[in-house]
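Asker: Have a look at this one.
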Amino acid sequence: GSLLTAQDLRKTYGPTTALDGAEFSIHPGEVVAVMGPSGSGKSTLLHCIAGIVMPDSGSITYNGREVTAMSDAERSALRRSEFGFVFQFGQLVPELTCVENVALPLRLSGSSRKEAERTALAWMERLEVDDLRKKRPGEVSGGQGQRVAVARSLVTNPRVVFADEPTGALDSFNGERVMELLTDAARSANAAVVLVTHEARVAAYSDREIVVRDGRSRDMERVV
Ligand code: ADP
Ligand code: ADP
């Protein structure tokens, strides 16, 4: 069955309707691309299904649990234990080294420094950035930084990685390399990936596409 489903999501910001009856579903281990033009509601959909933003109405179910009925604290615990996140910019802590950044989610959940950094380094090897362990984010390239961010998103063994325009700040060569490493690493960890993008060449790494237009989403498999 589905790991995560959402039905009839509605969300407004003042006079702006960001979501107008959007739906979503993903199976365990599946890579789904959420596509659509700028301003169509892709990021809002991602933030709702990831439990970051509460929709005004509609329902979200994760693994049989009603996310829309949870308290803020319960949603925050769900995000920490089950989800990983990769964003377009500014997600690495500039004062920490790359290995400390990757280890951070494990440190926050109580792992020792040694244990957290050992696991972090294994993920950095998988993403081919282990040689950057001692560098700070300001000393690495955009593509390297995104690979460090992908390693961090996977370090807690999440069931779902949410990636919002993860290659948006990269050239096409580095963007494709990040997508290849992200989807390979997620598949080997049996993590599902929700990928928000407006670029077809990025969506090409997915198993299935959901298209958002004016706050409404369509599962392309069902439509065609
Ligand atoms: P996309 O990711 O497809 O570009 P968004 O979900 O970011 O679309 O935005 C959908 C609509 O909602 C846009 O009109 C956007 O300006 C608006 N919007 C999104 N987030 C906010 C917010 N925090 N405050 C006000 N308006 C917002
Ligand atoms: P866009 O709306 O054009 O996709 P961004 O990709 O910069 O803009 O950010 C999308 C959303 O993700 C923003 O609303 C922001 O609040 C959120 N976001 C970005 N980076 C982080 C982060 N490191 N942690 C949590 N939320 C973030």
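Throughout, read-outs are computed from the coordinates displayed, never taken from laboratory work. Every value quoted in this text rests on a predicted model; they were computed, and no experiment measured them. All Cβ positions, glycine included, derive from the backbone under ideal geometry; neighbour counts span all protein chains shown.
Asker: Among the lysines, select those whose C-alpha is under 19 Å from the C-alpha of Lys114, and discard any that sit fewer than 8 residues away in the same chain.
Answerer: Of all the lysines, those that pass the test against Lys114 - Cα under 19 Å, at least 8 places apart if same chain - are Lys134, Lys135.
Asker: What list of ³J(HN,Hα) couplings, whole Hz, do you get for segment 114-125 from phi and the Karplus terms 6.51, -1.76, 1.60, once you set θ to phi - 60° and write x for glycine and proline?
Answerer: These are the phi-based 3J(HN,Hα) values: 4, 5, 4, 6, 5, 5, 4, 5, 4, 5, 5, 5 Hz.
Asker: Working from the pairwise distances between different alpha carbons, so that the mean of 1/r is found and then inverted, what is segment 110-212's Kirkwood radius in Å? Walk me through the numbers on the way to the answer.
Answerer: On the way: mean 1/r = 0.0704 Å⁻¹.
Taking the inverse mean of 1/r over all distinct Cα pairs, segment 110-212 comes out at 14.2 Å.
Asker: What would the Debye equation give as log₁₀ I(q)/I(0) for the chain at q = 0.09, 0.12, 0.16 Å⁻¹, counting only Cα atoms as equal point scatterers?
Answerer: -0.35, -0.62, -1.09
Asker: Among Ile210, Leu195, Ala185, whose Cα sits farthest toward the positive end of the charge dipole of segment 171-224 (+1 at Cβ of Lys/Arg, -1 at Cβ of Asp/Glu, about the Cα centre)?
Answerer: So the residue we want is Ile210.
Asker: Next question. Provide the FRET efficiency to the nearest 0.05 for the Asp131-Met54 pair, computing r from the beta carbons and using R0 = 41 Å.
Answerer: Details: r = 42 Å, r/R0 = 1.01.
Here the calculated transfer efficiency is 0.50.
Asker: A further question follows. Treating the beta-carbon of each Lys and Arg as +1 and of each Asp and Glu as -1, no other charges, what is the dipole magnitude of the chain about its Cα centre, to the nearest 20 debye? Don't skip to the end; give the middle numbers.
Answerer: Numbers: 27 positive and 30 negative charges, 91 e Å.
The dipole magnitude comes to about 440 debye.
Asker: Something else: Would you mind getting me the FRET efficiency between Arg208 and Asn63? Use the beta-carbon distance for r and R0 = 25 Å, nearest 0.05. If you can, show how the numbers build up before the last one.
Answerer: Values: r = 19 Å, r/R0 = 0.77.
After rounding, the FRET efficiency stands at 0.85.
Asker: Quick one: if you take sqrt(5λ) for each eigenvalue of the C-alpha gyration tensor of segment 58-114, what semi-axes come out, biggest first, whole angstrom? Write out the running numbers ahead of the final one.
Answerer: Numbers: eigenvalues 153, 42, 15 Å².
Equivalent-ellipsoid dimensions as semi-axes: 28, 14, 9 Å.
Asker: What's the ranking of 7-15, 38-46 by average number of surrounding C-beta atoms within 10 Å, highest first? Intermediate values should be presented prior to the final figure.
Answerer: Details: 7-15: 13.8, 38-46: 20.9.
Taking the mean over residues of other Cβ atoms within 10 Å, the ranking is 38-46, 7-15.
Asker: Considering only DSSP beta bridges where both residues belong to the chain, give the percentage that are antiparallel (nearest 5). Before the final figure, lay out the partial values.
Answerer: Numbers: 19 of 36 bridges.
Among the beta bridges of the chain, antiparallel pairing accounts for roughly 55 percent.
Asker: Which residue, Ala103, Ala191, Ala73, has the most motion in a Gaussian network model of the chain that connects Cα atoms within less than 10 Å?
Answerer: Ala73
Asker: Next up: Rounded to the nearest 0.05, what FRET efficiency do Tyr13 and Glu74 have when you use their Cβ-Cβ distance and R0 = 30 Å?
Answerer: Calculated value: 0.80.
Asker: Through the Karplus equation 6.51 cos²θ - 1.76 cosθ + 1.60, θ set to phi - 60°, convert the phi angles of segment 64-78 into ³J(HN,Hα) values in whole Hz; use x for Gly and Pro.
Answerer: Listing the rounded values in order: x, 9, 7, 5, 5, 9, 7, 6, 4, 5, 5, 5, 5, 5, 4 Hz.
Asker: Compute the distance in nm between two label points, each set 7 Å from the Cα along the Cα-to-Cβ direction, one at Ser141 and one at Ser188.
Answerer: My value for the distance between the label points is 2.1 nm.
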